[in-house]
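Have a look at the structure below, then the notes.
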Amino acid sequence: MSTSAIIACIIFGLAMLATIGIGIWSGRGREKSLDEWSVSGRGLGFVFILLLMAGETYTSFSFLGTAGWSYSYGVPILYLIGYLSIGLVVAYLVGPLFWTYAARHKLVSLSDIVEHRFRSRGLAILVAVLATIFIVPYIQLQIQGMGAVVNAMSYGAIDLKIAAIVSFIVAEAFILFSGLRGSAWVSVLKDGLVILAVAFLAIYVPLHYFDGLAPLLDRVVSEKSQWLTFPGAGDGIYGGAWFISTIILNGITITVFPTSIAGYLSGTSANALRRNSIILPWYQLLLLVPMMVGVAALFVVPALKDADLALFSVVIDSLPAPIVAIIGVAGALSAIVPMSVYMLSIGSMWGRTVLGGGLAGPKNAASMTPEQLNARGLRQKTLSQWVCLAVGIIALIMSLLMPDALVELSVLSYEGLAQVVPAALLSLYWPRMSKQAAAAGLIVGSVVMVALHYTGLDPLLGINGGLWAVAANLLVVVIVTLAKPDPRWVPAGQRQTRTEAAAL
Amino acid sequence: MSRNPSSVRQAGSPRRRYSLVLLIVPVVLYALTPVVANSVEPRIAGLPFILAYTIAVTILTWFFVWMTARGDRYYRHDLPEHIPSDVAFGEDHEIEEAGK
């Protein structure tokens, strides 16, 4: 092992120990309940929500995929900034909406919200299973992303598979013990390192190779102008219509991601989330740096086999070992934090909705004594933790045994979760919507989406296949709802009597 | 306080939140990127136009969401969100403080 590799390994090892330490320390002395574990007992103020949400948006994709896309295609990668910002705009309304609904009815996850709204555990299980199918590949991608980062930063000394196992152990260690609060605290370390690393790269890379940003831009304009307009370089599949449909679809969908919902539900008040939507657009500007480094890599390492390693190839080529290691740690934590929240959100959906008996009907729950409620909460929390561990193990095994099999599915993650939008979001605005409508829409939307994808028709007429599927989904929801409204819904004419009856 | 259930219930027909219209502006501006900004020229401070446009829109997103919040009485009074389904089902009761 070279000296550089030894230095990198030591820094990496210390950082991982620090991560476990911070994560576990944050959870000490806290109440041991499902509420505390899944959504920090709704106790995260504005600053922690900000750090957590920023931490969730800046994943290992930002270091690997962002630079990689920029290297391979150019400006189509701007869709990332577009949809994350639109997601924040939508979240100004939707975040507080979910927060209010969950805080009012004491809910902890996406499937809880669906179960309570429709009084249907069956529909909630359908949502939980669908969300799991589309999120496990994301966990796997983070594990593999971490493997790639750590392997590169250690100059090949740490094997891909060992790095994957380390990421799994570190993430599980603090998420099982401290829950979402652990992720929020580790985000402090992570966001700090990411901002440092990115700010440094923004200045250093152009200076080191091109004597400044302006000469770099001039070279891109004169030699690689194809990268600077839609549809970008490559086969030109990512054109304007794809960009527009994708940022809108993803921007709305990201607000129902179980991980986003975990973040919303953990806030202390509606305004903690609204403030988050005001401030976080600034954070998206950081993503321009990996994009810039990806383009710089076109000149520095022109014939890269794996475009995703564009950023780290440049970093290793130009910097001494300790700095490479620190940037690597920022990249590794960018995999660990989102991965831990993904596992936690799947854990809480399964621990309560699928395996833990659900909400047991609001009426039954209301008749339970506080002791019974506590006991039920503890049982559901234990189940959630087991599922959280099991999901991590599944993702780890898949990333070791068949690293490519599920990457395909992760491409579909947003399109798949978009099908949950009517059931989770529209239903809170539209009292008439029934569970039959939600289920039918969910199934039709998912089938259309998968069909479009596997027949090679996605994008269809240049528009993201997920958007077509959501359109089909919505159409079905509207038709079925008109035919069969929610039994609790009362037509406008009779509403007055009902309000009076409720007041009596 | 504003979390009083009766005041929330009166919000059954909520007063208009006109400032929310501003939220559509950043969405439209981002969606217009390939239409109005799909070019390298004019370069602004050396940046290709499409990048300068994206940066400007991202900063404007902050501005428009902020202006939305300033004009939104739900934000000024830190009110929980109005949920039509809760109102329709008579479940729009007060939110208990966390930990109770």
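FYI, it's all coordinate maths here, none of it is from the lab. Predicted, not measured: the structure shown is a model, and the values here were computed from it. In this analysis, Cβ positions are derived from the backbone assuming ideal geometry, glycine residues included, and neighbour counts consider all displayed protein chains.
Computed from phi, the 3J(HN,Hα) profile of region A:283-289 under the Karplus parametrisation 6.51, -1.76, 1.60 (θ = phi - 60°) reads 5, 5, 4, 4, 5, 5, 5 Hz, with x in place of Gly and Pro. For chain A, excluding the exposed loop sites themselves (trypsin sites (Lys or Arg not before Pro), DSSP loop, at most 11 other Cβ atoms within 10 Å), the longest remaining stretch covers A:29-304.
Here each label is just a point 7 Å from Cα along the line to Cβ, and for residue A:317 and residue A:378 those points are 5.9 nm apart. Once the Cβ-Cβ distance of residue A:17 and residue B:70 is raised to the sixth power relative to R0 = 60 Å, the FRET efficiency obtained is 0.85. From its DSSP helices (H runs of at least four residues, each -39,500 (n - 2.57)), chain A gives a residue-normalised ellipticity at 222 nm of -24000 deg cm²/dmol. For the protein assembly as shown, lysine pairs separated by 8 or more sequence positions, or belonging to different chains, with Cα-Cα distances below 15 Å total 6. Calculated FRET efficiency, residue B:78 to residue A:282, Cβ-Cβ distance, R0 = 22 Å: about 0.45 to the nearest 0.05. Counting neighbouring beta carbons within 10 Å and listing from fewest to most, the residues A:339, B:67 come out as B:67, A:339. The distance linking region A:135-195 with region A:58-84 is 20 Å (Cα centroid to Cα centroid, whole angstrom). Going from the fewest other Cβ atoms within 10 Å to the most, the residues A:388, A:9 appear in the order A:9, A:388. Potential lengthening of the chain between residue A:393 and residue A:208 amounts to 62.4 nm, from the contour at 0.36 nm per residue minus the alpha-carbon distance.
Taken along the Cα-to-beta-carbon direction at a fixed 7 Å, the label points for residue A:455 and residue A:368 span 4.6 nm.
Per-residue shielding of A:72-79, expressed as the average number of other chain Cβ atoms within 10 Å of the residue Cβ, stands at 3. Extension gain for residue A:401-residue A:471 works out to 21.5 nm (0.36 nm per residue, less the C-alpha to C-alpha distance). In this label model, residue A:28 and residue A:169 are separated by 2.2 nm, measuring between points 7 Å along each Cα→Cβ vector. Converting phi to 3J(HN,Hα) with the Karplus coefficients 6.51, -1.76 and 1.60 and the offset θ = phi - 60°, region A:243-249 yields 4, 4, 5, 6, 5, 6, 4 Hz in sequence order, with x at every glycine or proline.
With a cut-off of 18 Å on the backbone N, the residues of region B:52-87 near the modelled label site 7 Å out from residue B:36 along Cα-Cβ are B:52-65.
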